[in-house]
Amino acid sequence: MIRWRDGLTQVRRYPSAVAGLLIIAMLIATAIYAVTAIPYSEAQKLWRGGDAWQDLPVNASPAWTDRLLGGDAPRTITVSSEDAPTERQDLGAARLETTTLEVDFPYDGFPSEINLFLEAEFEQGQPFTRVHWRTPDGEEIPIDARRVGERERFSISQDRQLESRLGRAPQVGLFTDAEPGTPDPTVRTGTYELVIETVHFEESARLHAELVVYGQVHGAFGTDHQRRDLAVALLWGTPVALAFGLLAAVGTTVTTLIIAATGVWYGGWVDATIQRLTEVNIILPLLPILVMIGTLYSTSIWLMLGVVVVLGIFSAGIKMYRSMLLPIREAPYIEAARAYGAGGGRIILRYMVPRILPVLIPTFVTLIPTYVFLEASLAVLGLGDPVLPTWGKVLHDAQAQSALYHGFYYWVLSPAALLMLTGLGFAMLGFALDRIFNPRLRNL
Amino acid sequence: MSLHSPIAAHTTGSTDEALLCVDGLHTHFELRQWGFLRTGTVRAVDGVAFSLDAGEAIAVVGESGCGKSSLARTLLGLHRPTAGSARFAGTEVGELNGAALKTYRAQVGYVQQDPYGALPPFMEVQRILAEPLIIHGVRPRAERWRRIEAALEEVGLSPAAEVAGKFPHQLSGGQQQRVVIARALLLRPAMIIADEPVSMLDASVRVEILNLLHRVQQEHDLALLYITHDLSTVRHYVDRAMVMYGGRIVEQAPVDALLQRPQHPYTEALLSALGDPDAANAGRPRPVPGGEAPSLIQPPTGCRYHPRCPHAMAGRCELDPPPPDFRPRPEHRAACWLRE
Amino acid sequence: MAGAPLLEIENLRLGYATERGTLWAVDGVNLEVRRNEALAVLGESGCGKSSLARTLLRTLPRNAHAPSGQMRLDGRDVLGLPEERFRREVRWVRIALVMQAAMNALNPVVRVGEQVAEPLRVHHRLGRREAHRRAGAAFEEVGIATDFLRRYPHELSGGMRQRAVLAMALVTEPDLVVLDEPTSALDVLTQASIMNVLKRIKAQRGVSFVLITHDIATSSELADRVALMYAGQVVETASAEAFFGHPAHPYSRLLMDSVPRLHQEQPPRAIPGRPPSLLEPPTGCRFAERCPKAYERCSEPPPEVAYDTRHRVRCWLHHRSGGGP
């Protein structure tokens, strides 16, 4: 009979358990960080995509992989007119403002995209802008001239005219001094300038410009096809995975134990009913049922959790606990309890269940990753919760966008690695706990 | 100072009715296969009658399979009797249910054979002893602790605070049994049923525990039903002794009379099989009746002992069971045709 | 009548490795068993008698250190024998063991006859037929009808199972049978019948017995000699008459007073206190803290003293240097 405290201190003796605990601790820390740094509603909003991500490149790899391999791929550079010098010139009825946005470009590779975001404040008369590009060598390349509305997004890198003028895609052509037609152009590093000359027709009119020179790499985890920083999904996936796994594991094991104990104690038809229910339920396949419910009804994660728990209760665990509880039922102390007036409920909850609880712990710990994987599987199949960012979701998107085909390995590897890490951590801890709480296995 | 408050007036009229009155008690168990097929009946208690006064100690002596444990469980309300009556302070034990049964259980303490098995291994002594108090609504916690402390001191486990924090496996067999006795006393019962309380203890500890039980019984004026298979342990601890065989009582007498002038052949056999430590014992075999203990499923007809009895009378002992005439409390009776 | 010395044990020590150090379960034991003699080893639980039994058969658990001292069978040392030779020549060939609650250790899925015949087939390499014939003979000797050879253990009563285990020990015709609490789980009548069987076998076959028990009354049914153990040591060795009649050691006397007796006016008196821990035994006499006759000398460990012919006591009171306070 192993006591709780002794049991937990014994964990120290198993290096694999210590490693597992460290991993779990890291995951929990990540989860806590994720939940505090990005509150739930915020996370939902972010994951819906859209404007929040407009400054991020599409399908960018993680920055560090590139660095590790010795490359010098460009990061995203954002320059705003707020920080740039502006010259004003009075033209009488109008005003000329010249803003020069400086772009320091020291990288080896070309940007993936170049966008110019313009926001104009005016009452009636739209300002007129002329944009041109100045290379470090002084070459001036005109880009565009147009009237500016309230919000405009000008995709320089997708400007066909500019492309045909430069003979190359603009994000390449603007950053190289190679002649048009030469293959494999190299980057001309240095300081570039985007000069914006705006004519304002009103005194109070303003123009805000933001130039985003998108890099090829971003952040620790890269971005996906909707420019979303994968870090958000991976971070937020942690608490979701842990919570789902934990709640499902707790819900099923504790309930299973109590039901098994009730069956053992009352015997007769109660026990028989529970056993038959269990036998039928064991045969039913869990994942297909979940798929059915998800497809036909709803994929809300709470619903999935509920179904998983309910179907998980009448599992093989009931049979195992029953066989462990049957001899306990005959124990003298149970008879003594009846003799001093204990009722069935008390005997079940306070005298039978606690006897088995220590054995429950390793089962419970190793069950957590099972449910984490289950949730991820559902998400990969497209039945994940529609609003929450989870690891499975990321994998699902990756698969839908043919990530591997396009070479976006990071998109698949990071969520997979996290899933494996979770499984590993809990499994190592669980097996060590198994050896502690089941003394018969100790010599293995 | 006694922690015990005696049972109030009986509910029936007669004031000299004994505390426990058992008459024609039968407890049978159905053997079932697959939950419903009846394959036999175990006649564990097959017509038992005796009475026990408040403050009196009696021994029920018998070997394994004689039904003594089933008798104990029936009297504790753990089994329903199949027939007959067992009246405790006027109430029929076999008909109790729900709250009345719970109240009854507070009045009878139970000391079991296996001291380690009788204690939940995952609870400390304090918690173990608190359980009966909690169940019967003793509040607040300070009051419970007071009673637990008093009980521990009484059974000789001191300092109480130190023992209270231990787990059963940290105690010796004797200490465990003391805790069991303490637990039996907590609800201030009027009667204690002790089923082989020292059989699983080391011989050197037995006397300690029997002495304790005796002292407690005397101090609180408790009725005691001491069940044992070892006749050598009854002499100094009980007033009367009953011998049980094959689900029935075969002899009842004041303890000295039973030990010195046994009247039933089975009692004689038991006494001959026992001996005090004496080197001369090694030289001669002891007389032991042949045969085996009777099956309770298919007991011998008539007197249960007759297949093994050296005095069996053909024609009489197989056919008619001798009348179990143990009411009102006789001085010394044996259920044997020889003594009729 | 007892014959030549069969088993001689000198200064036997046995320790177990535990988390808190070495636990000396047997700490310097001297014993002697002659041919056709029954020695009862008495003592409370934890005094080391079960460890002694297992040491005699060298069936010790893994955490036991190798026993030290001497154990001679017919004059030849067997403690130092390599395991393989001990197994072939001594264990279950010349010394057999009936363990505590052995009747519960019978294999429930093998017929009783097969189990009783097994030692013959394993240790003596006998063929099936011959082994079964001898098993039948052993059954008769212990008083079980031979039809029971074909039954399974659960079909036998407790008493019969114990007899079957006894048959298993006797079937190889050993010189010495060690019995560890052979009757403690049995009813009174069954106990008596088992003791009768043992008496008969001793008389008819001349087997020697080492009977290990805490039940003093039962031990007197078989014992020619008694050795009383306390906290790993033997405190008194004497003939049965001497021990049961007029024991010398204070512990022996208190023990005899604590036995509940059928025919005695005085109620039995329990011995106060408990045996010392074997992890850190007291430096002096181990019984001193519970002994009513302890005095200053008892802070030194008393040696075994010759009290009478073949009667030794481990107590300062009987030391020739003038015992007594």
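What follows is calculated from the coordinates using simple rules that are stated; it is not laboratory data. Not measured: the values here are computed from a predicted model. Heads up, the Cβs are rebuilt from the backbone with ideal geometry, glycines too, and the neighbour counts pull from every protein chain shown.
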| remark: For peptide C:212-225, the mean count of other chain Cβ atoms within 10 Å per residue Cβ is 4
| request: Take the Cα gyration tensor of the stretch B:246-295, multiply each eigenvalue by 5, square-root it, and list the three semi-axes largest first, rounded to whole angstrom. | output: 22, 17, 7
| field | Difference of contour (0.36 nm per residue) and Cα-Cα distance, A:E179 to A:S402 | value | 76.8 nm
| query | What longest region of chain A stays clear of GluC sites (Glu not before Pro) that DSSP places outside H, G, I, E and B and that have at most 16 other Cβ atoms within 10 Å? | reply | A:204-329
| Can you give the translational diffusion coefficient of the stretch A:145-278 in µm²/s, computed by Stokes-Einstein from the Kirkwood radius over Cα pairs at 10 °C and 1.306 mPa s? | 72 µm²/s
| remark: Of all stretches in chain B that avoid chymotrypsin sites (Phe, Trp or Tyr not before Pro) placed in a DSSP loop and having at most 14 other Cβ atoms within 10 Å, the longest is B:37-340
| note | The ³J(HN,Hα) series, computed from each phi in the stretch B:161-174 with the Karplus coefficients 6.51, -1.76 and 1.60 at θ = phi - 60°, rounded to the nearest Hz and given as x for glycine or proline, is 4, 6, 5, 4, x, 8, 9, x, 6, 8, 10, 6, x, x
| field | Those lysines that a straight Cα-Cα span of less than 24 Å connects to C:K202, excepting residues fewer than 8 apart in one chain | value | C:K49
| task | For the stretch B:64-111, report the translational diffusion coefficient in µm²/s to the nearest whole number, using Stokes-Einstein at 10 °C, 1.306 mPa s, and a Kirkwood Rh over Cα pairs. | result | 142 µm²/s
| Length-normalised contact order of chain A in % [C-alpha pairs under 8 Å, at least 6 apart] | 22 percent
| message | Under 27 Å between alpha carbons, and skipping anything fewer than 8 positions from B:K68 in its own chain: which lysines qualify? | response | B:K102
| said: Please compute, over every Cα-Cα pair in chain B, the percentage with a separation greater than 35 angstrom. | reply: 25 percent
| task | Given the peptides B:276-283, A:342-349, arrange them by the average over their residues of other C-beta atoms within 10 Å, most packed first. | result | B:276-283, A:342-349
| So what's the net charge close to B:L31: Lys and Arg +1, Asp and Glu -1, counting the other residues with Cβ under 15 Å from its Cβ? | +2
| field | Taking all pairs of distinct alpha-carbon atoms in the stretch A:230-310, Kirkwood radius in angstrom | value | 14.8 Å
| field | Length gained when the stretch A:R146-A:S298 is fully extended (0.36 nm per residue, less Cα-Cα span) | value | 49.9 nm
| field | Between the stretch B:123-193 and the stretch A:65-92, the Cα center-to-center distance that results, in Å | value | 79 Å
| field | For C:V234, residues with placed amide H under 5 Å, excluding near neighbours | value | C:N30
| Which net charge results for the neighbourhood of A:Q54, defined as the other residues with beta-carbon distances under 13 angstrom from its beta-carbon, given Lys and Arg at +1 and Asp and Glu at -1? | -3
| said: Explain nothing, just the number: relative contact order of the stretch B:65-139, from Cα pairs under 8 Å at least 6 residues apart, as a whole percent. | reply: 19 percent
| Given the convex hull of the Cα atoms of the protein assembly as shown, what is a quarter of its surface area in nm²? | 65.6 nm²
| request: For chain A, set up a Gaussian network in which alpha carbons nearer than 10 Å are linked by springs, and say which option among A:P183, A:P369, A:P62 fluctuates the most. | output: A:P183
| said: 5 Å is the cut-off here: which amide hydrogens, built 1.01 Å from N in the peptide plane, fall below it relative to A:L207, excluding neighbours closer than 5 in sequence? | reply: A:E121
| Per-residue mean of C-beta atoms belonging to partner chains within 10 Å, peptide B:282-294 | 5
| query | Just counting partner chain Cβ atoms within 10 Å, what average do the residues of peptide B:110-120 show around their Cβ? | reply | 5
| said: Principal axis extents for the stretch C:58-171, Cα atoms only, whole Å, descending order, please. | reply: 45, 29, 22
| task | Under a cut-off of 15 Å between alpha-carbon atoms, report the aspartates and glutamates in cross-link reach of A:K319, not counting same-chain residues fewer than 8 places apart. | result | A:D271, A:E279
| said: Just to check I understand the Karplus step: with θ = phi - 60° and J = 6.51 cos²θ - 1.76 cosθ + 1.60, what whole-Hz values come out for the stretch A:207-222, glycine and proline as x? | reply: 10, 10, 10, 9, 9, 10, 9, 6, x, 9, 10, 8, x, 7, 10, x
| said: Given an 8 Å cut-off on Cα distances and at least 6 residues of separation, report the relative contact order of chain B as a percent. | reply: 22 percent
| message | How large is the Rg to Rh ratio of the stretch A:1-119 when both quantities use alpha carbon positions and Rh follows Kirkwood? | response | 1.25
| message | As an exercise, take the mean of 1/r over every pair of distinct alpha carbons in chain C, invert it, and state the Kirkwood radius in angstroms. | response | 20.7 Å
| GNM flexibility winner over chain C from C:D224, C:D77, C:D27 (Cα, springs under 10 Å) | C:D77
| Qualifying trypsin sites (Lys or Arg not before Pro) in the stretch C:1-81, DSSP loop, other Cβ atoms within 10 Å at most 10 | C:R20, C:R62
| said: Compute a Gaussian network model of chain A, connecting alpha carbons closer than 10 Å, and tell me which residue from A:P354, A:P389, A:P415 fluctuates the most. | reply: A:P354
| Label zone at A:T186 (point 7 Å along Cα-to-Cβ), backbone N below 19 Å, the stretch A:41-84 | A:70-74
| Where both partners of a DSSP beta bridge lie in the stretch C:1-126, what percent of those bridges are antiparallel, to the nearest 5? | 95 percent
| remark: Taking Cα atoms only, Rg over Rh for the stretch B:82-179 with Rh from the Kirkwood formula is 1.04
| field | Within-11-Å neighbourhood charge of B:V255 [Cβ basis; K, R +1; D, E -1] | value | 0
| query | Based on DSSP, what percent of beta bridges with both residues in the protein assembly as shown are antiparallel, to the nearest 5? | reply | 75 percent
| message | Calculate log10 I(q)/I(0) of chain A for q = 0.12 Å⁻¹, where I(q) comes from the Debye formula with a single equal point scatterer on each Cα and nothing for solvent. | response | -1.04
| query | Where does chain A land at 222 nm, in deg cm²/dmol rounded to the nearest 500, when only DSSP H runs of n ≥ 4 count, each adding -39500 (n - 2.57), divided by all residues? | reply | -16000 deg cm²/dmol
| query | Could you give the distance between the Cα centres of the stretch A:119-143 and the stretch C:63-85, to the whole Å? | reply | 103 Å
| C:E265 to C:R200: FRET efficiency via 1/(1 + (r/R0)^6), r the Cβ-Cβ distance, R0 25 Å, to the nearest 0.05? | 0.15
